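The values are calculated or read from the model by the stated rules, or taken from the named source; none is laboratory data. Since we're looking at a predicted model, the values are computed, not measured. Using ideal geometry, Cβ is built from the backbone for each residue, glycine included, and neighbour counts are taken over all protein chains shown. We work out accessible area using only protein heavy atoms, side chains counted, and drop any ligands, DNA or RNA first. Shrake-Rupley method; radii C 1.70, N 1.55, O 1.52, S 1.80 Å.
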Amino acid sequence: MDESVLKGNTAILKCHIPSFVSDYVFVISWLQDDGHEILADGGPYDSKYLVLPSGELHIRDVGPEDGYKSYQCRTKHRLTGETRLSATKGRLVITEPVGTRAPKLTQADANFKVAFRPAGLNVPILCQAQGFPVPSFR
């Protein structure tokens with residue numbers, strides 16, 4: 001699905017998996033229309049692209065060039081091992097900010113859970129907000 005984002009902010013694309021298979025299917029990668037594949041288990045947290053354990057694709061510092069690309073998610077079935085590419089492609093709709101915009105949460109549900117992990121592993125905690133100038137997080 002298409003996602004609107006202010007230039008310079010972070011775009012978040014979600015892979016829409018039907019609820020009747022969501023317990024068995026997970027995102028393994030995202031594919032750009034130019035063939036570039038963004039792996040769910042690859043890439044440092046400071047790169048432009050990041051696939052979270054939830055399967056969301058985060059694209060940092062979005063610019064006009066990102067609006068020309070389309071994205072598809074690739075999923076894998078836990079039991080059968082079958083992989084599938086999403087039938088539809090999502091694009092970014094990038095808008096140029098006019099004047100200042102106070103940060104606004106882009107996620108409707110601001111509640112989240114943090115699963116405990118062994119010491120030394122990163123745990124992503126997101127604050128999905130957009131604004132201009134680009135919000136800083138701490």
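Suppose the filter is in contact with a strand residue (DSSP E or B) (Cβ under 9 Å, 6 or more places away or on another chain), polar (S, T, N, Q), assigned to a loop (DSSP other than H, G, I, E, B) and modelled with pLDDT of 70 or more; does Thr88 pass it? It is true that Thr88 is in contact with a strand residue (DSSP E or B) (Cβ under 9 Å, 6 or more places away or on another chain), polar (S, T, N, Q), assigned to a loop (DSSP other than H, G, I, E, B) and modelled with pLDDT of 70 or more. In segment 34-55, the residues that are open to solvent by 80 Å² or more (accessible area, probe 1.4 Å) reach residues that are at pLDDT below 85 with C-beta atoms within less than 8 angstrom, at least six apart or across chains, in these pairs: Tyr45/Asn122; Tyr45/Pro124; Pro53/Pro124. Looking only at residues of segment 65-85 that are small (Gly, Ala, Ser) and not in a strand (DSSP E or B), we find that the one that is farthest from the chain's Cα centre (by Cα) is Gly81. Taken over segment 91-116, the residue count meeting the criterion of being at pLDDT 65 or above and either charged (D, E, K, R) or touching a Pro at 6+ places or on another chain (Cβ under 8 Å) (or both) is 7. All of Lys89, Lys48 fail the test of being within 12 Å of the chain's Cα centre (by Cα), of a type in the set (Lys, Arg) and at negative phi, apart from Lys48.
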